[in-house]
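Here is the structure we will look at.
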Amino acid sequence: MEKMTQVPNTEIIKPKILYYGTPVILLNSLNEDGSVNISPLSSSWALGDYIILGIGLGGKAIENLERHPECVINVPSPSLWENVEKLAPYTGKNPVPEYKKKNGFTFEKEKYAISKLTPAESKTVKPTRIMECPIQIEAIVKHIRMPDYSTDFAIVEVQVIHVHAHKDILTGENYIDPNKWSPLIYNFRHYFGLGNQLGKTFRAE
Ligand SMILES: Cc1cc2nc3c(=O)[nH]c(=O)nc-3n(C[C@H](O)[C@H](O)[C@H](O)COP(=O)(O)O)c2cc1C
C-alpha cells in the first residue's frame with residue numbers, strides 16, 4: 001500500500017463557482033416559432049458518439065430541447081470570445097425568471113444579431129449551425145435526466161449525427177489537426193486560449 005503524505009500547501013475552500021477550465025460551446029436549439037436560440041455553455045464532454053451537457057433549468061435551452069429534441073453544438077475558437085460574451089447577459093426565456101433577473105439577465109430573442117454570428121443550414125437537424133465556429137456538431141437528444149439531488153440543472157445526453165469542420169483545421173481524412181485547432185476555454189469565468197503543446201498521448205496520430 002502507498003505511504004500517505006501530509007500536504008502542507010493546500011486549503012479546503014468553498015468556491016462560489018467551480019469552472020476549472022472547459023471548452024465553451026454555443027448550443028443552438030429550436031424556438032417554438034422555428035427561430036434558433038443560442039446558449040453559451042461550458043459544461044459538456046464527449047463520450048464516443050455522444051455528448052453530455054449540463055443545462056440550467058431556468059433557461060430557454062432546456063425548454064427548447066424538451067419540446068424539440070435536436071440541437072447543434074457549435075465549438076468556437078478563442079478568436080470568437082467577444083461574440084460569445086455578447087450573448088452572455090441574455091436569455092431567450094420570456095419572461096425572464098426572477099433569479100436570472102437578479103443576476104443581470106435580460107430577454108433577447110435575436111441571438112444571431114446580438115452576437116454578430118451567421119446562421120448556416122444544417123444537414124439533418126432543424127436548428128441552424130453557426131458558420132464562424134470551426135466545429136459544428138448536429139445532434140439528437142437521447143435522454144434528459146433531472147437529477148433528484150438538484151433542482152438547478154438537467155443532464156442532457158445527445159447523439160452526434162454529423163460533425164462539420166472548417167477545412168483549415170483538418171489533416172488527412174476525418175482528422176482534426178490539434179496544431180491547427182484550439183478551443184476557447186472558460187477558466188473560472190475568464191476566457192482563455194490554449195498554451196503551447198506539451199506532449200501527446202501514446203495513441204495520438
Ligand atoms: C462562457 C459561458 C459558459 C456557460 N456555461 C453554462 C453551462 O455549462 N450550463 C448552463 O446551464 N449555463 C451556462 N452558462 C449560462 C448560460 O449561458 C445562461 O444561463 C443563458 O441565459 C442561457 O441562455 P438561454 O436561457 O437563452 O438558453 C454559461 C455562460 C457563459 C457565458
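The values are calculated or read from the model by the stated rules, or taken from the named source; none is laboratory data. The model shown is predicted, which means the values in this text are computed figures rather than measured ones. No Cβ is skipped: glycine too gets one built from the backbone with ideal geometry, and neighbour counts run over all protein chains shown. These area figures cover heavy atoms from the full protein model, side chains too; ligands, DNA and RNA do not enter into them. Shrake-Rupley method; radii C 1.70, N 1.55, O 1.52, S 1.80 Å.
At a glance:
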{"item": "Enumeration of residues in region 59-72 that are buried (at least 24 other Cβ atoms within 10 Å of the Cβ) and not in a helix (DSSP H, G or I)", "result": "Cys71, Val72"}
{"item": "For Ile114: the one exception among (1) in a loop (DSSP other than H, G, I, E, B); (2) touching a Leu at 6+ places or on another chain (Cβ under 7 Å); (3) open to solvent by 20 Å² or more (accessible area, probe 1.4 Å)", "result": "(1)"}
{"item": "Pair list, Cβ < 8 Å and 6+ apart or interchain, from region 1-24 residues that are more than 11 Å from Ser42 (Cα to Cα) to residues that are open to solvent by less than 100 Å² (accessible area, probe 1.4 Å)", "result": "Ile17/Phe188"}
{"item": "Residue within region 16-23 that is farther than 26 Å from Gly193 by Cα, within 12 Å of the ligand (Cβ to nearest atom), open to solvent by less than 50 Å² (accessible area, probe 1.4 Å) and at pLDDT 95 or above present", "result": "no"}
{"item": "Every residue from region 95-111 that is small (Gly, Ala, Ser) and assigned to a strand (DSSP E or B)", "result": "none"}
{"item": "Single unsatisfied condition, Cys133 versus (1) of a type outside the set (Val, Ile, Thr); (2) open to solvent by 30 Å² or more (accessible area, probe 1.4 Å); (3) within 15 Å of the chain's Cα centre (by Cα)", "result": "(2)"}
{"item": "Count - residues of region 158-205 that are within 16 Å of the ligand (Cβ to nearest atom), farther than 18 Å from Asn74 by Cα and open to solvent by less than 60 Å² (accessible area, probe 1.4 Å)", "result": "1"}
{"item": "Residues of region 36-58 classified as touching an Asp or Glu at 6+ places or on another chain (Cβ under 9 Å), in a strand (DSSP E or B) and more than 6 Å from the ligand (Cβ to nearest atom), total", "result": "5"}
{"item": "Ile155 being within 15 Å of the ligand (Cβ to nearest atom), assigned to a strand (DSSP E or B) and open to solvent by less than 60 Å² (accessible area, probe 1.4 Å)", "result": "yes"}
{"item": "The lone exception for Lys180 - which of (1) basic (Lys, Arg); (2) within 21 Å of Leu27 (Cα to Cα); (3) not in a strand (DSSP E or B) it fails", "result": "(2)"}
{"item": "Residue match in region 178-185 (condition: modelled with pLDDT of 95 or more, closer than 20 Å to Thr22 by Cβ and touching a His at 6+ places or on another chain (Cβ under 9 Å))", "result": "yes"}
